[in-house]
Amino acid sequence: MSEKTQKSLENGFTIWLTGPSGAGKTVLAHALKKKLKSMGYGVEILDGDVIRKTLYPELGFSKEAREMHNRIVIHMAKLLSRNGVITIVSLISPYKAVREYARKEIGNFIEVYVYAPLEVRIQRDPKGLYKKAMRGEIKGLTGYDGVYEEPENPEVKVDSSKMTPEEEVEAVLEKAKELGYL
Ligand SMILES: Nc1ncnc2c1ncn2[C@@H]1O[C@H](COP(=O)(O)OS(=O)(=O)O)[C@@H](OP(=O)(O)O)[C@H]1O
Ligand SMILES: Nc1ncnc2c1ncn2[C@@H]1O[C@H](COP(=O)(O)OP(=O)(O)O)[C@@H](O)[C@H]1O
């Protein structure tokens, strides 16, 4: 669809995908983008891994580093959302307080807990990080030997070991409609 025919939302919103490595955030982010684009909306993905590699590859994964990085992503999402863009954030964001800050700052907000059991994530291990953690080559891998504070009341929870990406997309879009964002 050309820019001229792109649907413009007066108020954008943010779909915040949180969950540990290998849970399925990236896959869901791209499936959502494809679907929303085909419906004619302006969509942007903010992927934590990509932003890290582009802006500060040496940052690391201490609590302080993650909080600072997450705050930068929150600011980007706020700017995009308030200009009518549907913003999909794909970010481990392990700390509840930071996600609550995101909700408050951004406003129109759908928190999606992307869940998969540890055994499934270990089996998938798309980046080989669980193998490295098991060999002791990395420490503090989120959801393995690093903290992940599970969302208590996310707008949506998807279990990627039981649902297809298409079913996950439907669950998120249904919630967006229910909340009046679409
Ligand atoms: N120790 C440790 N813990 C967690 N993740 C690690 C770690 N080391 C490297 N990686 C890789 O970093 C990717 C990006 O993480 P995020 O920016 O989403 O994380 S965070 O919100 O700052 O916690 C994250 O991407 P995803 O696998 O897509 O989630 C990992 O691939
Ligand atoms: N229903 C599903 N939703 C998302 N990912 C799935 C699903 N089923 C299997 N997978 C697989 O799980 C892995 C998830 O990786 P990824 O999306 O990169 O996770 P994350 O971004 O959370 O680290 C991929 O290899 C993907 O093919």
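The values are calculated or read from the model by the stated rules, or taken from the named source; none is laboratory data. None of the values given here were measured: they were computed from a predicted structure. No Cβ is skipped: glycine too gets one built from the backbone with ideal geometry, and neighbour counts run over all protein chains shown. What goes into the accessible areas is simple: the full protein's heavy atoms, side chains included, and nothing from ligands, DNA or RNA. Shrake-Rupley method; radii C 1.70, N 1.55, O 1.52, S 1.80 Å.
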Count of residues meeting criterion [surrounded by 12 or more Cβ atoms within 10 Å (Cβ to Cβ) and either within 12 Å of ligand 2 (Cβ to nearest atom) or farther than 24 Å from ASP49 by Cα (or both)] in the stretch 146-161: 5
Residues satisfying the stated conditions in the stretch 129-145, i.e. open to solvent by 20 Å² or more (accessible area, probe 1.4 Å) and farther than 19 Å from ALA29 by Cβ: LYS131, LYS132, MET134, ARG135, GLY136, GLU137, ILE138, LYS139, GLY140, TYR144, ASP145
Any hit, the stretch 65-73, residues being touching a Leu at 6+ places or on another chain (Cβ under 8 Å), touching a residue at least 24 places away in the same chain (Cβ under 8 Å) and part of a helix (DSSP H, G or I): yes
Residue satisfying condition, being touching a residue at least 60 places away in the same chain (Cβ under 8 Å) and charged (D, E, K, R), within set LYS35, LYS53: LYS35
Positions within the stretch 40-58 being among the aliphatic types (A, V, I, L, M) and surrounded by 13 or more Cβ atoms within 10 Å (Cβ to Cβ), in sequence order: VAL43, ILE45, LEU46, ILE51
Leading residue by the ranking (farthest from ligand 1 (Cβ to nearest atom)) among those in the stretch 14-39 that are over 17 Å from LYS175 (Cα atoms) and open to solvent by 30 Å² or more (accessible area, probe 1.4 Å): SER38
Boolean, LYS78 is of a type outside the set (A, V, I, L, M, F, W, C) and either without any contact (Cβ under 8 Å) to a residue 12 or more places away in the chain or within 16 Å of ligand 2 (Cβ to nearest atom) (or both): no
Tabulated pairs, the stretch 126-154, first more than 8 Å from ligand 1 (Cβ to nearest atom), second in a loop (DSSP other than H, G, I, E, B) and of a type in the set (Val, Ile, Thr), C-beta under 7 angstrom, 6+ apart or interchain: LYS132/ILE138
The listed residue being open to solvent by 40 Å² or more (accessible area, probe 1.4 Å) and within 16 Å of ligand 2 (Cβ to nearest atom), out of GLU105, GLU111, GLU119: GLU119
Members of the stretch 74-99 found to be near ligand 1 (Cβ under 8 Å from one of its atoms), open to solvent by less than 10 Å² (accessible area, probe 1.4 Å) and aliphatic (A, V, I, L, M), listed by number: LEU91
